[in-house]
Structures are given as C-alpha cells and as structure tokens.
Amino acid sequence: MYNKVESDEALIIAVKNGDCESFNPLIERYKLPLYKVMYRMVLNRDDAEDLVEEAFIKAYRSIKRFDTSRPFYTWLRRIAVNNAINFLKKERRNLTEPLEFVEKSLSNGRNDPIAMTKQKVLKERINQAMKRLPEEFRSVLSLKIDEDLSYDEISKLLKIPKGTVMSRLARARQRLRQIFDEMEVH
Amino acid sequence: MKCDLPIELLSGYLDGELDEQQKTRVEAHLKTCPACQEELEALKLIDQRVRDRVFEEPSREFEFTLNRRIMDKIRGAPRRSLFRLTPIFAPVAAGLLILVILINISPSKKNAGINDRVIYQELKPYQVLPVSIPEPRVTQVTARMKRAAPDDKEKTLATGAKRIRITEAAEARDKDEIETVAQIREQVVRAIIDTNGTIIKVATGNTLIPEKDTMLENQLSGQQLAPPMIAGRKKQVYVEVATEGKEE
C-alpha cells in the first residue's frame with residue numbers, strides 16, 4: 001500500500017525510478033478534479049470518464065519528461081484538456097446539432113419539462129447550448145469560468161497567445177448569448 | 001453593443017484581466033454608456049448560467065474501478081508493446097510451427113496408425129497396387145438393405161466406380177427387404193508406406209479417414225511402392241492408391 005501523505009513529487013520520482021505502483025495514489029488524488037474539468041468540456045459522463053483514463057495513461061507514458069519541480073496536476077490537466085480538445089474536434093457533429101434536434105431532445109420523455117423542475121430544464125438547456133459552441137470557445141470558457149484560470153494560465157495550457165485567449169473568451173460569450181436567445185434561455 | 005468599445009475589453013474587464021490603462025478606459029466608458037452597462041450585466045449572467053449548467057457525478061464504476069483499470073494497463077505496458085508486434089510475429093510463428101511439424105514427421109516413425117494425423121499426400125498419377133480388389137464390382141444407383149440370415153453377409157465394392165451397392169445381413173428376426181437410395185460415392189484405398197515404400201497399413205473407405213481393412217492389408221502388406229519425397233526426404237505418409245481396376 002502507498003503512503004497517502006507522500007507528496008506528488010516523491011511519488012513521481014518513485015514512478016520515474018520504475019515503481020509504477022506509486023502512480024496509483026496520484027490517480028486517486030486527481031481523478032475527480034480531472035473528471036470535473038473533462039465533464040465541463042465534453043458535457044457527457046461516459047466521454048469524460050474515458051478522457052480521464054486516457055489522460056492518466058498518457059501522463060504515465062510521458063512521466064520521464066515531467067519536470068518534478070512543477071505542479072503535477074497542472075501538467076496532467078494540460079494533457080487532459082488537449083486530449084479533450086482533440087476529442088471534441090473529432091466529435092464535431094455534437095457541436096453542429098441543429099436547433100430543432102436540441103429542442104426535440106429537450107422535449108422527449110427523458111427530458112420532459114413537466115416532469116422536471118424549471119431549474120433543471122434550464123440547466124439542461126444551458127448544457128445543450130454549450131454543446132453548440134465550437135470546441136475552441138468551449139474550452140477557453142470552461143477553463144476560465146469553471147477552473148478560474150487566468151489568461152496567462154489558459155495561454156500556456158492551450159499554447160495560444162494571451163491575446164487569442166482574450167478574443168476567444170469575448171467571442172465565446174457573445175456566441176453563447178446568441179444561442180441562449182435562440183433557445184430562449186433566460 | 002451599439003458603441004465602439006471592443007467586446008474583448010468588456011469581457012477582459014469582467015475577468016479582471018485588463019491592465020490599468022485599459023481598466024480606466026472601460027470604467028470611464030461604462031459611466032456614460034447604458035448599453036455597455038447592460039452588456040456587462042448580460043455577460044455576467046452568461047457566466048452564471050455556465051456555472052449553473054448540469055453536472056453529472058461520475059459513475060460508481062469510475063470511482064471504484066478506474067485505478068485498477070489504469071494500473072492494469074500501466075503494469076501491462078511492456079506486454080502491450082510486444083503485442084503490437086503481433087502482426088509481424090504471427091506469420092513468422094506460423095511458419096516456424098509448420099516447419100517444426102514437418103521436421104517431426106520423422107522417417108523413423110514407422111508405427112503410425114491408420115487414423116494418425118500424418119500428412120496425407122495424394123500421389124498423381126495414382127500409383128497402381130500390384131493386386132486386385134476382390135470382385136464383383138457393381139454399378140447401381142440403389143443400395144439394398146436385405147434383412148436376411150446372419151450368414152448371408154456379403155460386401156461388394158467397386159473401387160473407383162461412381163456407384164456402389166451394399167447387400168448386408170441384419171437381424172434374422174425380420175426378413176423384409178428395404179430399399180434406399182444410395183449416395184454416390186467413390187471408394188478409395190489408402191496405404192501407409194514406410195520410408196522404403198513398403199506397405200505397412202491399408203484402409204478403405206470414402207472419407208479422409210478411412211477404416212482399416214484387415215483383409216486387404218494382409219494381402220498388400222509388405223508390397224513395395226515408390227516412396228514419396230517431401231522436402232527432399234523420404235517420408236512415411238498416407239498415399240492414396242488406385243487398384244488395378246481403377247480408372248484414371
């Protein structure tokens with residue numbers, strides 16, 4: 001068994017020295033925070049869970065290159081976010097769902113507004129609206145609003161200029177407002 | 001927005017990401033522009049909506065099995081990389097296996113049974129056994145099962161013929177005759193020869209694994225055929241042979 005109080009750095013050094021079991025506490029420590037980031041980006045539980053798993057495996061495979069003086073979670077999250085962006089690009093069809101489809105999905109049996117509280121319907125609609133945002137907008141918005149990252153941090157994480165982060169965030173908010181209006185999310 | 005303040009500045013102001021100069025400019029503008037004040041409030045509401053959106057907790061499977069799944073993959077990493085080479089190794093391994101099988105059909109293995117899974121090789125043109133299969137040869141379409149006395153047993157076959165008739169005794173208690181349509185079959189005789197070409201076993205039948213034929217074996221045992229060569233070596237193999245009466 002592993003010692004839960006061991007620092008990330010100590011565990012990573014052990015993993016780098018060939019003790020793969022030391023990776024287990026790192027998974028335990030960060031799987032839920034990482035799941036939250038992934039879920040807010042892809043808005044689907046199964047996909048988010050798969051992306052978390054992939055991120056940990058990718059991190060393990062490149063751990064030799066990791067600088068132990070830097071925060072492990074930041075590095076892990078970067079791997080996961082980039083992975084999620086690639087995933088969203090592949091799943092672009094989710095972003096281009098026509099409005100009628102979204103409306104239909106909201107009014108089907110599972111999402112029956114009568115059976116759901118008004119608040120829940122609203123949250124569901126917000127999710128649907130977020131799904132219609134292009135992935136480059138969705139990722140910056142999620143990192144800013146959910147993760148509360150600074151422009152600098154988002155810039156480093158996504159490897160894009162700070163000015164691009166600023167511009168994307170502004171456009172993402174504008175676009176989302178437009179979608180909210182179309183979907184009557186008020 | 002109906003004024004010329006870039007939306008990026010308003011959005012940046014909301015995020016607290018503007019430098020002092022930009023911040024002063026936006027604040028001064030907001031004091032005099034109700035549209036931008038409204039816009040700023042709308043942006044705040046959007047952020048709030050985004051925070052409020054549905055969040056699904058992870059599944060129980062995720063919570064309880066994720067670590068094991070990842071650790072299994074991590075522990076198996078070296079093997080995984082080996083398995084990636086399977087497409088390369090598989091044909092090589094299959095080739096080696098065939099080679100080993102060929103090598104292990106040793107010339108010294110002289111005691112193979114009639115049903116042993118030794119390599120079967122059909123020699124063409126058929127080698128002709130220097131004996132004849134007992135007559136008569138019959139060519140009829142029907143097979144007749146005559147239920148007669150036990151001593152009324154007669155087995156006739158026409159080797160190489162397309163049709164066969166078998167009249168066979170059955171229980172004496174029922175003497176009725178039953179006629180059935182026979183399947184068209186081709187009788188074959190197979191012999192196992194040793195490395196010198198000497199016949200040691202004989203079988204007859206119409207399947208790939210024929211039945212041992214003791215009578216014919218007694219007749220043919222010890223007779224000589226030309227031994228087949230496999231990979232340049234003499235091998236003990238099944239050979240399908242034709243009797244003198246068989247047409248090519």
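The values are calculated or read from the model by the stated rules, or taken from the named source; none is laboratory data. Being a predicted model, the structure only gives us computed values, none of them experimental. As a convention, Cβ positions derive from the backbone with ideal geometry for all residues, glycine included, and neighbour counts pool all protein chains shown.
Picking from residues in region A:130-153 that are at pLDDT below 90 and within 8 Å of chain B (Cβ to nearest Cβ), the one that is surrounded by the most Cβ atoms within 10 Å (Cβ to Cβ) is A:Met130. The set of residues from region A:31-73 being of a type in the set (Phe, Trp, Tyr) and within 11 Å of chain B (Cβ to nearest Cβ) comprises A:Tyr35, A:Tyr39, A:Phe56, A:Tyr60. Just one of the listed residues (A:Leu76, A:Leu88) is at pLDDT 90 or above, in a helix (DSSP H, G or I) and buried (at least 19 other Cβ atoms within 10 Å of the Cβ), and it is A:Leu76. Tell me yes or no: at least one residue of region B:15-22 is without any contact (Cβ under 8 Å) to a residue 60 or more places away in the chain, more than 60 Å from the chain's Cα centre (by Cα), surrounded by 11 or more Cβ atoms within 10 Å (Cβ to Cβ) and in a loop (DSSP other than H, G, I, E, B). The answer is yes, given that some residue of region B:15-22 is without any contact (Cβ under 8 Å) to a residue 60 or more places away in the chain, more than 60 Å from the chain's Cα centre (by Cα), surrounded by 11 or more Cβ atoms within 10 Å (Cβ to Cβ) and in a loop (DSSP other than H, G, I, E, B). Take the residues in region A:156-165 that are over 19 Å from the mean Cα position of the chain (by Cα) and facing another protein chain (nearest Cβ under 10 Å), then tell me which one is farthest from A:Asn83 (Cα to Cα). It comes out as A:Gly163. Scanning region B:213-231 for residues that are surrounded by 15 or more Cβ atoms within 10 Å (Cβ to Cβ) and modelled with pLDDT of 70 or more gives B:Asp213, B:Leu216, B:Glu217, B:Gln219, B:Leu220, B:Gln223, B:Leu225.
Looking at region B:43-64 only, could you name the residues that are of a type in the set (Phe, Trp, Tyr) and modelled with pLDDT under 90?
The answer is B:Phe55, B:Phe64.
Of the residues making up region B:26-37, not a single one is within 12 Å of another protein chain (Cβ to nearest Cβ), part of a helix (DSSP H, G or I) and modelled with pLDDT of 90 or more. Of all the numbered requirements in (1) at pLDDT 90 or above; (2) surrounded by fewer than 20 Cβ atoms within 10 Å (Cβ to Cβ), A:Phe101 misses one, and that requirement is (1). So, of the residues in region B:81-108 that are closer than 19 Å to B:Asp194 by Cβ and in a loop (DSSP other than H, G, I, E, B), which turns out to be modelled with the lowest pLDDT? Looking at the filtered set, the residue picked out is B:Ser108. Scanning region A:166-186 for residues that are part of a helix (DSSP H, G or I) and facing chain B (nearest Cβ under 9 Å) returns A:Met166, A:Ser167, A:Leu169, A:Ala170, A:Arg171, A:Ala172, A:Arg173, A:Gln174, A:Leu176, A:Arg177, A:Phe180.
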